[in-house]
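Read through the structure below, which is laid out as structure tokens, and then see the notes.
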Amino acid sequence: MGAQGVILIVEDEDAIRLTLRDYLKKKGYEVLVASDGVGAIKHLLDNRVDLIVSDYRMNVLGGDYWIKFLHTFCADKKVFITSGFLRPDFSIPFPVLYKPFDYGKLAEMIAATLDTEKNGDG
């Protein structure tokens, strides 16, 4: 386990996925990456994950069904959704960050969420 927690990044854009991975690793997190929902499910089955940062729109298992999956099967996980374009047919039950987003703001949100969970407040 990483010193600060294990984060799963689910993002189909290579540049975002890899730069965000590197940024969060420098912040002390253990970071797993997947380019779609299927790869994310594999990580979730094989690893303990504290928090998921996921794109909304992905070619393979993304969009509304991915959100429904996270809500139903990952209720014990903290989740942030990112999107450049978001118009689902239902409300998103997770915090949403719109692209382009500031990595520093995301890191603050992650730290606050994991600190709250670690202290038993969440």
Q) Among 65-75, 45-55, how do they line up from the highest to the lowest mean number of other beta-carbon atoms within 10 Å? A) 45-55, 65-75
Q.
Using the crude model of +1 on Lys and Arg Cβ and -1 on Asp and Glu Cβ, and no other charge, please compute the dipole size for the chain relative to its Cα centre, in debye to 20.
A. 80 debye
Q: Classify the chain as rounded, prolate or oblate, taking a ≥ b ≥ c as the square roots of the eigenvalues of its Cα gyration tensor: rounded when a/c is under 1.5, otherwise prolate if a/b is larger than b/c and oblate if not.
A: rounded
Q | Estimated [θ] at 222 nm from DSSP helical runs (n ≥ 4, -39500 (n - 2.57)) normalised by residues in the chain, nearest 500 | A | -13000 deg cm²/dmol
Q.
Under 5 Å between amide hydrogens, which residues at least 5 positions from LEU97 or on another chain qualify, with H placed 1.01 Å from N in the peptide plane?
A. ILE81, THR82, SER83
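Test of understanding: what is the full-extension gain from THR19 to ARG48, defined as 0.36 nm times their sequence separation minus their Cα-Cα distance?
On the way: separation 29, 0.36 × 29 = 10.44 nm, distance 2.22 nm.
Gain in length upon complete extension: 8.2 nm.
All of the numbers you see were taken from the coordinates with simple rules; none came from a lab. Predicted, not measured: the structure shown is a model, and the values here were computed from it. No Cβ is skipped: glycine too gets one built from the backbone with ideal geometry, and neighbour counts run over all protein chains shown.
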